[in-house]
Amino acid sequence: MSDTMLAERFYAQDRSIHLEEIPVPHPGPGQVVIKVEYCGICHSDLSLISGKFPPSLPVVTQGHEASGTIVEIGAGVTGWNVGDRVIPSAGQPCMKCRKCRRGDFANCLHLHLMAFAYDGAWAKYHVTSAMGLTKIPDNVRMDQAALLADAVSTPYAAVVRTGQVHPGNAVAVWGVGGVGSHLVQLARIAGAVPLIAIDLNDEVLARAKRLGADSTFHSDDPDLMKKIEDATHGRMIDVAFDAVGISATVRAAVESLDVNGKAVSLGLSDQNIDAGPFLDFNLGFKQLRGHLGYKSQDIGVLAEMLSFGRLDLSESISAVVSLEEVEKGITMLTEHIGNPIRILVKP
Ligand SMILES: [Zn+2]
Ligand SMILES: [Zn+2]
């Protein structure tokens with residue numbers, strides 16, 4: 001291993017990114033170093049560059065959705081070996097807050113986020129805590145494994161935990177881009193019937209149909225609610241997901257609900273949330289739930305689902321770029337070139 005490596009670094013001062021040669025990290029106690037195989041480009045990486053998300057450090061290596069192979073093990077690490085294929089956790093508990101002091105690390109109040117509070121994985125090597133690593137089953141591909149940290153686990157947690165989709169639930173998904181495509185696939189696995197995808201873009205609607213949607217509608221259709229009523233044989237929706245994050249789509253998701261239905265919001269914008277008229281919301285005993293992120297154990301569950309062939313992510317990798325091409329990958333994502341689900345960096 002040489003002493004230096006290439007890394008794509010973010011500078012907070014002028015919010016610029018630069019490809020640089022920096023020292024290869026070595027593990028401290030409780031840590032391992034992985035050789036990065038793949039690392040996704042996520043909208044939250046772009047939020048740091050655009051200034052929507054405040055920087056935690058003056059300079060940081062970006063990228064938090066990684067897969068890799070352990071190449072060095074620090075003092076006190078047990079249960080892991082050089083050569084193990086792993087997914088690093090994208091956050092580390094602070095070990096100081098009242099939740100951490102109780103051992104409730106999953107609910108840490110000051111989680112240190114990978115690629116924000118410490119260096120991420122748009123680099124040849126990445127140092128991470130051994131706590132929170134997920135082993136990748138032998139028959140799971142490293143490129144698909146990188147999707148599990150966030151791109152698939154956030155929709156998984158929204159479907160299973162926040163939305164609590166059960167077999168037979170009528171489900172609708174607003175916005176079937178990167179997050180929404182995986183919502184469709186996971187809601188289908190959870191037993192959604194019927195399963196409706198709603199978007200403005202015909203190409204992504206056709207893809208949503210391939211991935212399991214029974215019906216697809218345009219979000220600007222003036223007869224949208226009537227069409228949802230017909231598609232559900234009058235039942236309307238038990239669980240609606242909004243992956244767009246604007247007032248109009250959240251409001252439509254709430255409007256589509258059956259009595260006691262749940263709308264789950266997992267998009268983000270600077271608009272305000274809008275649940276529609278009080279009377280409709282209260283009379284229908286409707287619920288509107290917020291959702292962000294996932295638990296580390298979700299990654300392990302999804303790795304098993306891939307290993308047993310229950311989840312097919314073959315359409316999810318839209319492009320693979322080198323470290324030198326990260327800016328090209330970012331442009332593809334921000335300008336929706338080819339309607340990407342996920343673009344991976346291969347250092
Ligand atoms: Zn992400
Ligand atoms: Zn904590």
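Just the number, please: carbon plus sulfur as a percent of the accessible area of the chain, 1.4 Å probe, no ligands or DNA/RNA counted.
For the chain, the apolar C and S fraction of the accessible surface comes to 53 percent.
For segment 117-140 and segment 1-72, what is the centre-to-centre distance using only Cα atoms, to the nearest Å?
Using only Cα atoms, the two centres lie 11 Å from each other.
Please determine, in degrees from 0 to 90 and to the nearest 10, the orientation of helix 178-189 with respect to the longest principal axis defined by the Cα atoms of the chain, where the helix direction is its Cα long axis.
That works out to roughly 70 degrees.
Name the long-range amide H neighbours of Gly91: under 5 Å, sequence gap of 5 or more, or other chain; modelled H, no Pro or chain starts.
Distant-sequence amide H within range of Gly91: Met114.
For the pair Asp14 and Asp221, how long in nm is the line joining their label points, each one 7 Å along Cα→Cβ?
4.9 nm
Quick one: work out the % antiparallel among DSSP beta bridges in segment 164-290, nearest 5.
0 percent
Helix 296-307 against the longest principal axis of the chain: what's the angle in degrees, Cα atoms only, rounded to the nearest 10?
That helix lies at roughly 80 degrees to the long axis.
Just the accessible area for Thr162, please: 1.4 Å probe, Å², rounded to the nearest 10?
20 Å²
Karplus couplings for segment 65-75 from phi (6.51 cos²θ - 1.76 cosθ + 1.60, θ = phi - 60°), rounded to Hz, Gly and Pro as x?
Coupling constants for segment 65-75: 10, 10, 10, x, 10, 5, 10, 8, 10, x, 4 Hz.
Defining a contact as two alpha carbons under 8 Å apart and six or more residues distant in sequence, what relative contact order in percent does segment 1-86 show?
33 percent
Give the accessible surface of the chain per residue, rounded to a whole number of Å², with probe radius 1.4 Å and ligands, DNA and RNA excluded.
45 Å²
The values are calculated or read from the model by the stated rules, or taken from the named source; none is laboratory data. Just so it is clear, the model here is predicted, and its values are computed rather than measured. When we count neighbours, we look across all protein chains shown, and the Cβ atoms used for this are built from the backbone with ideal geometry, even at glycine. We work out accessible area using only protein heavy atoms, side chains counted, and drop any ligands, DNA or RNA first. Shrake-Rupley method; radii C 1.70, N 1.55, O 1.52, S 1.80 Å.
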